[in-house]
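> Supplied in C-alpha cells, the structure appears directly below.
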C-alpha cells in the first residue's frame, strides 16, 4: 500500500496518513485531501493555520489544487460563506473553529476538458505487464489510458470493420446491452454489442479478446483483496 501511495500524484494523498483511497477535499480551503473524517479531525491542529490563510487571502476561493507534476483539480471554489469563512470578515479568527463536517468534504474532480493527446505509455506490451500497469493507474488516478499497445495495421483493420458495420446499418442508435432500443436522447451514439466471438469481424474480436479481455482478466492478481473481477459484459462498438 505504501508503494502505491508513493507512486501516486503528490497532491492526491491524505494529509494525515498519505493514503490514496476514497480521498476527499477539505470544504473550507479545498486544498488538502483526507481519506476519512477521523484523519481530518486528527490533522486539524496542523491544517487549521494554512486552511485559515488560504480561505482568508482568497476571499473564500482557493486556487486549484496542484500536484508536484503540475496536475490541477480545476475545481470551482464556493463562496466564503459556503466554505466556512464569514463573508466580509477577513480577520475572522478560526483558530478554535472545528474542521468542516465530514459531509462537507468534497471529492476531487477535474472539470477541465481532456486535451492531453500524448498519454504516458507502458514500458512493455506484454499482457501481464499491461495488467499491472492498469491496476497501478487505477489505484493512483481512478482511470487508465492505454496508448500505443495496438499495431497500426490492427487499428486500420478495426476501422475498416467498423465502417462496414456502419454502412450495413448494424449500428443502432441508443441500443443497450440487452438489445432494447431506447429513446435516442438517452444515448446519442450508434452501437453494436460484441461477445468477442463474431467471426465476420475478426479484427474487432482480436482487439476484444487478445487485448481487453486478457488485460482485464489479469487485474485480479494486482487489485488485492478489496476488489475481484468475476465476469464480463458485452463490449460496445460505438460511433457518434
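What follows is calculated from the coordinates using simple rules that are stated; it is not laboratory data. Predicted, not measured: the structure shown is a model, and the values here were computed from it. Cβ sites come from the backbone with ideal geometry, for glycine too, and all protein chains shown count toward neighbours.
> Please arrange 225, 236, 131, 124 by counting, for each residue, the other beta carbons lying within 10 Å of its beta carbon, fewest first.
Starting with the residue having the fewest Cβ neighbours, the order is 225, 124, 236, 131.
> Run the numbers for residue 193 and residue 37: contour at 0.36 nm per residue of separation, minus the present Cα-Cα distance, in nm.
51.9 nm
> Grab the beta carbon distance between residue 234 and residue 141, set R0 = 25 Å, and tell me the FRET efficiency rounded to 0.05.
Here the calculated transfer efficiency is 0.45.
> How far apart, in nanometres, would the label points at residue 153 and residue 129 be if each is projected 7 angstrom from Cα along the Cα-to-Cβ direction?
2.1
> Can you give me the convex hull volume of the Cα atoms of region 191-240, divided per residue and expressed in Å³?
Dividing the Cα hull volume of region 191-240 by its residues yields 92 Å³.
> Two decimals is fine: what is log10 I(q)/I(0) at q = 0.20, 0.22 Å⁻¹ for region 127-239, from a Debye sum with one equal scatterer on every Cα and no solvent?
Debye curve over Cα of region 127-239, log10 I(q)/I(0) at q = 0.20, 0.22 Å⁻¹: -1.16, -1.23.
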